[in-house]
2 protein chains.
Amino acid sequence: MSRPDPAQAASAVSTGQPAAKPIRFNAFAMACAGHQSPGLWRHPADRSHEYVKLDYWLDLARLLERGLFDGLFLADVTGVYDVHNGSPAAALRGGVQVPLDDPMLLVPAMATVTKHLGFGVTASTSYEQPALFARRMTTLDHITEGRVGWNIVTSYLDSAARNVGQQKQTSHDERYDQADDFLAAVYKLWETSWDDDAVRHDRAAGVYADPDKVHAVAHDGRWFRVPGIHLSEPSVQRTPVLFQAGTSPRGLSFAGNHAECVFLIAPTQAALARQVADVRAAVARAGRRPDSVRIYALATVITGATDAEADAKHADYRGYADIDASLALLSGWTGVDFGRVPLDATIEYLDTDAGRTALASFSKADPSRVWTVREAAEFIAIGGRGPVIVGGPRKVADQLQDWVASTGIDGFNLAYAVAPGSWADVVEHVVPELQRRGAYATSYADGPLRQRLFGHARLAPDHAGGRLRDAVRAARRAAALHPESEPELESQ
Amino acid sequence: MSRPDPAQAASAVSTGQPAAKPIRFNAFAMACAGHQSPGLWRHPADRSHEYVKLDYWLDLARLLERGLFDGLFLADVTGVYDVHNGSPAAALRGGVQVPLDDPMLLVPAMATVTKHLGFGVTASTSYEQPALFARRMTTLDHITEGRVGWNIVTSYLDSAARNVGQQKQTSHDERYDQADDFLAAVYKLWETSWDDDAVRHDRAAGVYADPDKVHAVAHDGRWFRVPGIHLSEPSVQRTPVLFQAGTSPRGLSFAGNHAECVFLIAPTQAALARQVADVRAAVARAGRRPDSVRIYALATVITGATDAEADAKHADYRGYADIDASLALLSGWTGVDFGRVPLDATIEYLDTDAGRTALASFSKADPSRVWTVREAAEFIAIGGRGPVIVGGPRKVADQLQDWVASTGIDGFNLAYAVAPGSWADVVEHVVPELQRRGAYATSYADGPLRQRLFGHARLAPDHAGGRLRDAVRAARRAAALHPESEPELESQ
């Protein structure tokens, strides 16, 4: 971690004082109302129910680009939160991530009103077909000119599995094995099917693409078979910037291989620092530089012109917390039905493996403290399982810098209490203060999203996808020298 | 067909002469170069290779809306044309619908620069999951405010099936059985899962959606199981406007039940008139008014200020025809490898069922004529299997009106010889001439796409989806009166 990072160095700004570590922001949103703040849609200032309107997203994209955010990170689930009381009723009544639209289709619209903002789209390796999905992402990368990221998830709701015709989800670790297979298939499509110079568009010669430079990928995995070519020509990034959020042992090993950006959720600095260390260790175990991933932590900032104004907002927002809706969310996240647990029950009450896992993030946060169900629900009612950072510009900037310094993260996925107001407040009050401190970019760097984040537009050579790409290329070069031998790697 | 049609009557304009039947235009395009005119991408005026750029599509959408087109109809395949010589080489070299992007993701961008233009998106019932697909279409219908259509296809390329892990396609008729099952699932999601007043967004009561008005669809079909609720709240059209293009006996029976707009392809008026009669008979057999479908025929218009200018363009374009590329396209469409057939062979040479089917559209077109393979390839080199209509404004308008009068179609899906030039020429020269004749709209009607086409925003009561919706509603009303009985229809 001692090597200078060109992308970070480039965005540090001379301020007369030692340049601070620059902080990066994504907005964390979802194509629904509420998202991480169940109940807050009832606040008069909240506009998140306008998620079905184009203008809501266009306005948001313009706002975030004005605030020099790295990107808009769009969460998704493909099922409903129906663990609470065994029914979707609480989720529907509370507007808990339902009704819900498809996030991917919002990106092309937002691309028309922005030039730099990145877009992280959540999609599940459990319910997509690699070939069709790969074409979707390439299309997005084409029309955004390289501003697309993919948040790789394996899904956690049984209701999602049922609605695609499965009885229930496959097991947690097996979902990650399937995800590895999915990734191998899409790396081959994105990175190895079309050579950089395959598309010639040579009007005189009558050659659109050179067939010798377009390769069938011959992927034959346990879950996925993709024998043919990628239908789409290469985009500037080829593989979208890869986001991942798993913190289980299996999820960490997956992140070590595949993640370029990691999204972490922890309620305290101590818990977050442990997660950061786990991620960087997993990256190192995969043979990559530990600092070759950007880590964003979930946080919700409530700010205003002064500390008093921010505190008043926070108090106001807290009045809109919805305990039932929070429990519907928590039940879906954990698979534990909190509708059947008394509100004053403590973690110990849930004397099952699932129950202990369910509240692990709370007990880890502060092992000395016993959380009741009500306390947990109140905690997540604003900003989910991440911290809520409240104050005027200086106080918030102090806290954000403290979180970065104490935990080793690179930035934040900022959830909203009210949308788009929470982000507008950050852009108005916090961004300028961080810029004054030399701790926030003052302009966008050029190039596609990966270039801006890491200094290179394509996957790094030590990344799983980059290694696969380079091995296939080497095999093809060898085969060209010795044409009698087939390039074996293509059929791996 | 004698009942006056309110949507058509509304757009007829007084011109001093008897009002002519209004003609409707869609543009017929695809997220690739060339599309229906293999080889024409080599023409200096052609911009279709810019399909990877956002501006190409934004410019096109603005042009079509200026020309008062009903919509942009986006074709798609999810495989490559690899029947010709058993290889994708000819398709790649000739730019024959490959490389190819995803059409659905272009729509949200084009929606940002238009207010009225409709969008017909092709998607296959063979490779999508109903629940995920239904959410995508609802999202599109939300953000376009009801301007979305779905061109239902069952796919015809084995290469597409292989790339989603299947050995080969299921058989033709079985694909339609699967499509019926798919449609039943998505109708239930779109039409019956959420009552119109289910979303309350009632801040005071704290009710986002009323759980009693959101219903699990309990679809349990031979191919698809969708037990749960639709994740998305209703859009203005609920079900997108349904396009279909099948002309086989099984395809016609499917169209009779499901199609609201039908897209036909025939090289002559006589062949087209027979297809139109077949479609309207199939619609009648399904218990619907024969004129309750809008029929668009494929055509390519080459026009200019004068006949001479148009003729010169046509001669120029013909010089860019690419026989190999045409044969790659024809081989993919028919499943017959025309790479292995001499160019001067006639239909009789192909003495197999597949061969006869392959060229049936040509022999049907003019039974007295014997087509050679070369003649067929030359025919489809501009505008695929549809007619090419060449002339100045008056000559083209005469011919278009003649096609409409002789065949009973409602309008045309206009392919391009060069893009976007062919459409720009139509907007500049042909639309004003048709408007002078009272045979083309002079402004967009209000409302969502289905409203503009048919006078109602939702599926008609005699349509398969409308019948299913109304039956479910009736069963729910009955169940509400007699709460002890379950609404049986929901689990059909």
Filter the range B:205-214 down to residues that are under 17 Å from A:CYS32 (Cα atoms), among the aliphatic types (A, V, I, L, M) and surrounded by fewer than 18 Cβ atoms within 10 Å (Cβ to Cβ), then give me how many there are.
1
B:VAL262 passes all but one of the listed conditions (1) out of contact with any Gly (no Cβ under 8 Å at 6 or more places or on another chain); (2) open to solvent by less than 20 Å² (accessible area, probe 1.4 Å); (3) under 22 Å from B:GLU375 (Cβ atoms); (4) hydrophobic (A, V, I, L, M, F, W, C); the exception is number (3)
Return yes when A:ALA282 is assigned to a helix (DSSP H, G or I) and either under 30 Å from A:GLY79 (Cα atoms) or within 25 Å of the chain's Cα centre (by Cα) (or both) and no when it is not.
yes
Scanning the range A:80-103 residue by residue, those under 18 Å from the mean Cα position of the chain (by Cα) and facing chain B (nearest Cβ under 7 Å) turn out to be A:LEU100, A:ASP101, A:ASP102
Within the range A:138-185, the residues that are under 29 Å from A:GLY332 (Cα atoms) and of a type in the set (Val, Ile, Thr) are A:VAL148, A:ILE152, A:VAL153, A:THR154, A:VAL164, A:THR170
Selection count where residues are in contact with a strand residue (DSSP E or B) (Cβ under 9 Å, 6 or more places away or on another chain), assigned to a helix (DSSP H, G or I) and touching a residue at least 60 places away in the same chain (Cβ under 8 Å), scope the range A:37-62:
3
B:LEU132 - would you say it is touching a Phe, Trp or Tyr at 6+ places or on another chain (Cβ under 7 Å), within 8 Å of chain A (Cβ to nearest Cβ) and either surrounded by 24 or more Cβ atoms within 10 Å (Cβ to Cβ) or within 30 Å of B:ARG452 (Cβ to Cβ) (or both)?
yes
Any chance you could count how many residues in the range B:288-319 are among the charged types (D, E, K, R) and open to solvent by 60 Å² or more (accessible area, probe 1.4 Å)?
6
Selection within the range B:291-340 - of a type in the set (Val, Ile, Thr), over 24 Å from B:THR247 (Cβ atoms) and modelled with pLDDT under 95
B:ILE323
When residues of the range A:141-159 are limited to those that are more than 12 Å from A:PRO448 (Cβ to Cβ) and aliphatic (A, V, I, L, M), the one nearest to the other protein chains (Cβ to nearest Cβ)
A:ILE143
Consider B:ARG477 carefully, then state whether it is within 30 Å of B:LEU189 (Cβ to Cβ) and modelled with pLDDT of 95 or more.
no
Hits in the range A:105-129 (condition: over 30 Å from A:GLY228 (Cβ atoms), open to solvent by less than 20 Å² (accessible area, probe 1.4 Å) and among the β-branched types (Val, Ile, Thr))
A:THR114
Test set (1) part of a helix (DSSP H, G or I); (2) more than 19 Å from the chain's Cα centre (by Cα); (3) more than 22 Å from A:SER126 (Cβ to Cβ) - B:MET110 fails condition number
(2)
Per the filter on the range A:189-204, residues more than 7 Å from every other protein chain (Cβ to nearest Cβ), surrounded by 18 or more Cβ atoms within 10 Å (Cβ to Cβ) and outside any loop (DSSP other than H, G, I, E, B) are A:LEU189, A:TRP190, A:GLU191, A:THR192, A:TRP194
Which residue, of B:ASP82, B:ASP102, B:ASP141, is in a loop (DSSP other than H, G, I, E, B), touching a Pro at 6+ places or on another chain (Cβ under 9 Å) and crowded, with 24+ Cβ neighbours inside 10 Å?
B:ASP82
Hits in the range A:205-252 - residues which are assigned to a loop (DSSP other than H, G, I, E, B), aromatic (Phe, Trp, Tyr) and either on the phi > 0 side of the Ramachandran plot or facing chain B (nearest Cβ under 7 Å) (or both):
A:PHE224
Checking A:THR125 against (1) within 30 Å of A:LYS213 (Cβ to Cβ); (2) more than 8 Å from chain B (Cβ to nearest Cβ); (3) modelled with pLDDT of 95 or more, the condition it does not meet:
(3)
Would the range B:171-182 turn up any residue that is in a loop (DSSP other than H, G, I, E, B), out of contact with any helix residue (DSSP H, G or I) (no Cβ under 8 Å at 6 or more places or on another chain) and closer than 30 Å to A:ASP220 by Cβ?
yes
Among the residues listed as B:ARG225, B:ARG285, the single one being over 21 Å from B:ALA134 (Cβ atoms), among the basic types (Lys, Arg) and open to solvent by 10 Å² or more (accessible area, probe 1.4 Å)
B:ARG285
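The values are calculated or read from the model by the stated rules, or taken from the named source; none is laboratory data. Model, not experiment: these values are computed from the prediction. We place every Cβ from the backbone using ideal geometry, glycine too, and count neighbours over all the protein chains shown. For the accessible areas, the whole protein counts, side chains as well, though only heavy atoms, and no ligand, DNA or RNA atoms are used. Shrake-Rupley method; radii C 1.70, N 1.55, O 1.52, S 1.80 Å.
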